[in-house]
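*Asks:* Before I ask anything, here is the structure I am working with.
The values are calculated or read from the model by the stated rules, or taken from the named source; none is laboratory data. Only a predicted model underlies this, so the values are computations on that prediction, with no experimental measurement involved. Cβ: placed from backbone, ideal geometry, glycine included. Neighbour counts: every protein chain shown.
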Amino acid sequence: MAIGFSALTIVLEEGFHEEWFSSPMIVGLSTVAAISIIGVRRAEFVVKNPLLDLRLLRRRSVIAGSVLMFTQGAICFGAIFLLPFYLAQVPRYSALQIGARVVMWSGLPATSDLPFIASHHEPIRRAYRAALAWACWHSDALRTPT
């Protein structure tokens, strides 16, 4: 598992600089990553006491929580990493301009799925969490940098 994910990390980090699959290093590491990750996945279903029990994903609550956490991670990743990267590359914004825009817009994506997460808790606490999310969003989103 460590070898597969390490190889995948190197492929994703260095692929752009090495011109993706025109580099033998990227092709080799991609092959290692694919074989390792597929092998680990198969082994986890065969072993009686697996290190990472993938059979848990058959439960509805586990898959719902996993999907919500993946969505939250993708939203935060987009707001914190991809947006500044885009603003630096395409419109050639300065670091100060990027900081002003990212700080202004980081609250909206981060709180977009809070109503869905809050709906999985008890009804009384759900109202408090929804009110807190609303208050946090409005306190941050209404302030614009100068």
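*Asks:* Of all residues in region 1-35 being touching a helix residue (DSSP H, G or I) at 6+ places or on another chain (Cβ under 9 Å) and part of a loop (DSSP other than H, G, I, E, B), which is modelled with the highest pLDDT? Write out each step before concluding.
*Replies:* Just the residues of region 1-35 that are touching a helix residue (DSSP H, G or I) at 6+ places or on another chain (Cβ under 9 Å), to begin with: 1-11, 14-15, 18-21, 23, 25-35.
Still in the running and part of a loop (DSSP other than H, G, I, E, B): 1, 15, 18-19, 23.
Numbers: M1: 84, G15: 86, E18: 84, E19: 83, S23: 89.
Per the stated criteria, the residue is S23.
*Asks:* While we're here: State yes or no: is I38 modelled with pLDDT of 80 or more, under 28 Å from F5 (Cβ atoms) and in the same structural domain as F16 (by TED's automatic domain parsing)?
*Replies:* Numbers: modelled with pLDDT of 80 or more: yes; under 28 Å from F5 (Cβ atoms): yes; in the same structural domain as F16 (by TED's automatic domain parsing): yes.
Spelling it out, I38 is indeed modelled with pLDDT of 80 or more, under 28 Å from F5 (Cβ atoms) and in the same structural domain as F16 (by TED's automatic domain parsing).
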